[in-house]
Amino acid sequence: MIEKIRILRETALCKIKEAAGSAEIEELRVKLLGKKGELTEMLKELKNMAIDERKLLGQEANALKNELSESLEIKFKELSANDVERSLSNSSSFDISLPGTQFKVGSLHPVTIVQKEIERIFTGMGFNIVDGPEAEEEFYNFEALNIPKHHPARDMQDTYWLENGSLLRTHTSPCQVRAMQKYGAPLKIIAPGRCFRNESTDASHENTFFQLEGMMIDKNISIANLIYVMKLLLSEVFNRDVEIRLRPGFFPFVEPGFELDLNCMICGGKGCPTCKHSGWVELLPCGMVHPNVLRAGGIDPEEYTGFAFGLGLTRLAMMKYGINDIRVLNSGDLRMMEQFSIR
Ligand code: FA5
């Protein structure tokens, strides 16, 4: 038996050494160590032997099993590496020195970048972020904001009506009333979102654009609070002092109401198509919340006052990044998007 083991060892190691491919090694493994392999059969014979002989031959046979497994493994690895190399060099259409395929990674839209930045600033001041539906009820878009049916103020926002009687919200202001009804006073919220108007488009007007609504209601809130928050917001967004102007503005849902304009950052105030050659960009209407709006939200105007603003988020993104035409922001043109690497 010991002689059989010796002969098996020599022939097996020789065959392993001479094997020409990884498939051949696999065949040898089955032939030698598989269930019905030569060595396995030999081990089975041990059970018929005397105990001393079985012990000695068992040790020999097991040592050979380990040795063969190891040799098969080493040779298999060596031949597999050769196989890959051979198949690569045989294939004339594959040049392994070429760089791999590069996958494009997306980036955030400039409006989203600015929105996130403003959310960071306001949540830092204790404001909550709320949401509202884009397909809105007429009541929230107009009546609750002190704009009754047939009031001329409705003409300021040419509206897309839906067949079911609701509309595509023309501004984010409906979120004011929804938030008051849901959370009551005191209240500090911002509501970023998409708005729709049937506008003729030009360098600063789109029919689909983003606004960011803000509202603060508490006891004794005044215009001083409003101005402070607006200044803080803009200096944080632009990381420097910016030139602004406040003019009286009419919005039925605030009293008094203001238009906050930003010195045009595309032309530095000299005049260009983006600012309609005025040097100023209308950015941020704001004012003290009208008592009728507080009432519509279920808040007592005798006890509480508040301010609200409606920031033109898309226009702010244009000013921040020097984009001179609003239409590229909705164009889906990747050449524009690829310039913003923030993810
Ligand atoms: C409003 O929409 C008011 N709801 C804002 C408001 C809220 C006033 C709270 C007072 C208190 P206005 O129509 O001016 O106001 O729009 C606000 C801002 O949205 C504008 O200053 C502008 O920056 C932006 N905006 C309006 N229309 C367009 C448009 N067609 N394309 C791009 N941006 C627009």
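The values are calculated or read from the model by the stated rules, or taken from the named source; none is laboratory data. Because the structure is a prediction, the values reported are computed rather than measured. Every residue, glycine among them, receives a Cβ derived from its backbone with ideal geometry; neighbour counts consider all protein chains shown. SASA here: full protein model, heavy atoms, side chains in, ligands and nucleic acids out. Shrake-Rupley method; radii C 1.70, N 1.55, O 1.52, S 1.80 Å.
What ³J(HN,Hα) values, in whole Hz, does the Karplus curve 6.51 cos²θ - 1.76 cosθ + 1.60 give for the range 149-161 when θ = phi - 60°, with x put for Gly and Pro?
So the Karplus estimates, Gly and Pro as x, are 4, 6, 6, x, 4, 5, 5, 5, 10, 5, 9, 8, 8 Hz.
Collect residues whose amide H, placed 1.01 Å from N in the peptide plane, falls under 5 Å from the amide H of H171; neighbours closer than 5 in sequence don't count.
For H171, the qualifying residues are F196.
In the range 229-300, which trypsin sites (Lys or Arg not before Pro) are in a loop and have at most 13 other Cβ atoms within 10 Å, using DSSP for the loop call?
The qualifying sites are R240, K270.
Report the label-to-label distance for F103 and K231 in nanometres (one decimal), using points 7 Å from each Cα along the Cα→Cβ vector.
Inter-label distance under the simple model: 5.0 nm.
Please list, in chain and number order, the residues 5+ apart from C272 or on another chain whose amide H is under 5 Å from its amide H, with Hs placed from the backbone.
Long-range HN contacts for C272: H277, S278, G279.
With every protein chain left in place, what is the accessible area per residue of the range 205-278 in square angstrom, probe 1.4 Å? Working shown, then result.
Working: 3720 Å² over 74 residues.
Spelled out: the 1.4 Å probe surface of the range 205-278, per residue, equals 50 Å².
Tell me the mean residue ellipticity at 222 nm calculated for the chain from its helices only (DSSP H runs of n ≥ 4, each -39500 (n - 2.57), averaged over every residue, nearest 500).
Working: 11 runs with 141 residues, N = 343.
Rounded to the nearest 500, the figure is -13000 deg cm²/dmol.
Okay, which of the range 141-169 sit inside 13 Å, backbone N to the point 7 Å along the Cα-Cβ direction of R247?
none
Pop a pseudo-label 7 angstrom from the Cα along the beta-carbon direction at both K47 and N66 and give the gap in nm to one decimal.
2.4 nm
Quickly rank 168-180, 50-62 as a protection proxy: mean count of other C-beta atoms within 10 Å, highest first.
The peptides rank, most packed first, as 168-180, 50-62.
Nearest 5 percent is fine: what portion of the DSSP beta bridges confined to the chain is antiparallel?
Once the DSSP bridges in the chain are tallied, antiparallel ones form about 95 percent.
If pairing requires two Cys Cβ atoms under 4.7 Å apart, which cysteines of the chain are left without a partner?
So, C14, C175, C195, C286.
How large, in percent, is the carbon and sulfur part of the accessible surface of the range 217-281 at a probe radius of 1.4 Å?
Percent of accessible area from carbon and sulfur atoms in the range 217-281: 52.
Mind listing the phi-derived Karplus ³J(HN,Hα) values for the range 59-65, rounded to whole Hz, using 6.51, -1.76 and 1.60 with θ = phi - 60°, and x for any glycine or proline?
Residue by residue, the range 59-65 yields 4, 4, 5, 5, 4, 5, 4 Hz.
Could you please state, rounded to a whole Å, how far the C-alpha centre of the range 109-146 is from the C-alpha centre of the range 278-330?
Each part's Cα centre sits 10 Å from the other's.
Report the net charge of residues surrounding P192, where surrounding means a beta-carbon distance below 13 angstrom and charges are Lys +1, Arg +1, Asp -1, Glu -1.
-1
For E119 and V84, what is the calculated FRET efficiency with R₀ set at 45 Å and r taken between the beta-carbons, to the nearest 0.05?
0.30
Quick one: 3J(HN,Hα) in Hz for the range 38-47, Karplus 6.51/-1.76/1.60 with θ = phi - 60°, rounded, Gly and Pro as x.
4, 5, 4, 4, 4, 5, 4, 5, 4, 5
Report the residues of the range 55-82 in range of a label on K31: point 7 Å along Cα→C-beta, backbone N strictly under 20 Å from it.
64-80
Select from M1, P252, G306 the residue farthest towards the positive end of the dipole of the chain; place +1 on Cβ of Lys and Arg, -1 on Cβ of Asp and Glu, and compute about the Cα centre.
M1
As an exercise, use a Förster radius of 30 Å and the Cβ-Cβ distance of I2 and A23 to find the FRET efficiency, rounded to the nearest 0.05.
Result of the calculation: an efficiency of 0.40.
Given a 1.4 angstrom probe, I'd like the percentage of the accessible area of the range 26-118 that is carbon and sulfur, rounded to a whole number. Numbers along the way, then the final one.
Numbers: 3750 of 6850 Å².
Ligands and nucleic acids excluded, carbon and sulfur reach 55 percent.
Treat every Asp and Glu Cβ in the range 2-90 as -1 and every Lys and Arg Cβ as +1, leave all other atoms uncharged, and give the resulting dipole magnitude about the Cα centre to the nearest 20 debye.
Values: 17 positive and 18 negative charges, 59 e Å.
Approximately 280 debye in magnitude.
Positive end of the dipole of the range 134-191, charges at C-beta (+1 Lys, Arg; -1 Asp, Glu), about the Cα centre: which of P174, N164, I190 has its Cα farthest in that direction?
I190
Dipole of the range 110-337, Cα-centred, from +1 at each Lys and Arg C-beta and -1 at each Asp and Glu C-beta, to the nearest 20 debye?
520 debye
Placing unit charges on C-beta atoms (Lys and Arg positive, Asp and Glu negative, everything else neutral), compute the dipole magnitude of the range 153-237 about its Cα centre in debye, rounded to 20.
Computed about the Cα centre, the dipole is about 460 debye.
Would you mind checking K35/K55; K31/K55; K104/K270; K36/K77; K36/K75; K188/K320 for any pair whose Cα atoms are more than 30 angstrom apart?
Where the Cα-Cα span goes over 30 Å, the pairs concerned are K104/K270.
Going toward the positive end of the dipole of the chain, with +1 on Lys and Arg Cβ and -1 on Asp and Glu Cβ, which of M265, L68, I323 do you reach last?
Looking along the dipole axis, the top candidate is L68.
With a 1.4 Å probe and every protein chain left in place, work out the accessible area per residue of the range 2-90 in Å², rounded to a whole number.
Accessible surface, normalised per residue, equals 70 Å².
Along the Cα→Cβ direction, 7 angstrom out, place labels at F139 and A224. What is the inter-label distance in nm?
Between F139 and A224, the label points sit 3.9 nm apart.
With the full set of protein chains in place, find how many percent of the accessible area of the range 284-343 is carbon and sulfur; take the probe as 1.4 Å.
Solvent-exposed carbon and sulfur of the range 284-343 make up 48 percent of the total.
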